[in-house]
Amino acid sequence: MNADDRVALLDLENLGAARLRPRPLRARLEALLAVAGDIHHAAAAYALSDGHDTDPVASVLAELRIAPLRVPPGPDAAELALLAHARHVHSEGGRTFLVGSADGRFYELVALGRVELLVWDGQPVATKLAEAVHHIHRLTRPSPGIPSDEPAGPAHSELTAASPIQASESPTPRCGLAARLLTAIATGAGIALGHRVLDTLLPRKRR
């Protein structure tokens with residue numbers, strides 16, 4: 001790895017994403033990856049007990065090419081797994097970390113290189129972590145109603161994208177009305193002309 005390679009470390013427990021259904025989970029992860037931009041790789045840690053037969057989180061992570069770091073439930077288990085991975089990345093030459101968490105444990109990463117945070121709007125960030133990191137990216141939580149194949153973003157961007165379509169379609173009702181008026185005029189003229197022809201060919205009887 002190179003020193004400028006960016007690695008995303010996502011704490012799904014702290015981001016409130018570990019218990020989501022696949023569709024909203026995918027939407028949140030896609031939002032995080034969009035802000036992270038060009039990265040070398042991403043890893044996500046989350047807790048799951050051994051009693052679970054299925055792991056829907058791992059399936060969504062696989063779709064998005066995010067390495068799953070599954071840990072047993074326990075205090076700071078997800079954070080410790082991500083910190084261990086960060087130290088491995090550092091040993092391979094990586095020096096830039098995009099951390100999806102507001103937990104103060106990630107303060108340790110400041111000694112390893114550049115640290116940026118990916119957190120939701122309104123999510124409290126540990127004071128010592130907020131003061132030490134190089135940048136904090138605050139994201140709007142994607143709405144559960146947004147389909148996973150549509151980009152999530154602030155409401156004003158969705159309205160802006162929709163405006164040109166509405167503007168181009170708005171003249172349609174006026175065009176339809178004009179067409180109906182022309183049709184009615186032409187029909188009336190045709191009926192009047194037909195009456196004139198009949199009057200010429202078949203003169204009315206004088207009273």
> How many residues are within 28 Å of the chain's Cα centre (by Cα), β-branched (Val, Ile, Thr) and in a helix (DSSP H, G or I) when one looks only at the stretch 86-117?
Replying inline: 1
> Taking Glu150 and the conditions (1) open to solvent by 40 Å² or more (accessible area, probe 1.4 Å); (2) at pLDDT 95 or above, which numbered condition does it fall short on, given that it satisfies the others?
Replying inline: (2)
>> One residue is enough: does the stretch 84-101 have a residue meeting the conditions aliphatic (A, V, I, L, M), closer than 24 Å to His137 by Cβ, at pLDDT 95 or above and exposed (fewer than 13 other Cβ atoms within 10 Å of the Cβ)?
In response: yes
> When only residues in the stretch 34-46 that are open to solvent by less than 70 Å² (accessible area, probe 1.4 Å) and small (Gly, Ala, Ser) count, which is nearest to Gly74 (Cα to Cα)?
Replying inline: Ala45
>> Against the conditions (1) modelled with pLDDT under 95; (2) among the hydroxyl-bearing types (Ser, Thr, Tyr); (3) open to solvent by less than 30 Å² (accessible area, probe 1.4 Å), where does Ser49 fall short? Just the number, please.
In response: (3)
>> Can you find, within the stretch 118-137, the residue that is farthest from Asp103 (Cα to Cα) among those that are over 18 Å from the mean Cα position of the chain (by Cα) and outside any loop (DSSP other than H, G, I, E, B)?
In response: His135
> Any residue in the stretch 32-49 that is within 29 Å of His90 (Cα to Cα), in a helix (DSSP H, G or I) and of a type in the set (Gly, Ala, Ser)?
Replying inline: yes
> What are the residues in the stretch 1-13 that are surrounded by fewer than 23 Cβ atoms within 10 Å (Cβ to Cβ) and not in a strand (DSSP E or B), if any?
Replying inline: Met1, Asn2, Ala3, Asp4, Asp5, Glu13
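Take Ala78 and tell me if it is small (Gly, Ala, Ser), exposed (fewer than 15 other Cβ atoms within 10 Å of the Cβ) and part of a helix (DSSP H, G or I).
Numbers: small (Gly, Ala, Ser): yes; exposed (fewer than 15 other Cβ atoms within 10 Å of the Cβ): no; part of a helix (DSSP H, G or I): yes.
It is false that Ala78 is small (Gly, Ala, Ser), exposed (fewer than 15 other Cβ atoms within 10 Å of the Cβ) and part of a helix (DSSP H, G or I).
The values are calculated or read from the model by the stated rules, or taken from the named source; none is laboratory data. Model, not experiment: these values are computed from the prediction. Virtual Cβ from ideal backbone geometry, glycine too; neighbours counted across all protein chains shown. In case anyone asks, the SASA skips ligands and DNA or RNA and just uses the protein heavy atoms, side chains included. Shrake-Rupley method; radii C 1.70, N 1.55, O 1.52, S 1.80 Å.
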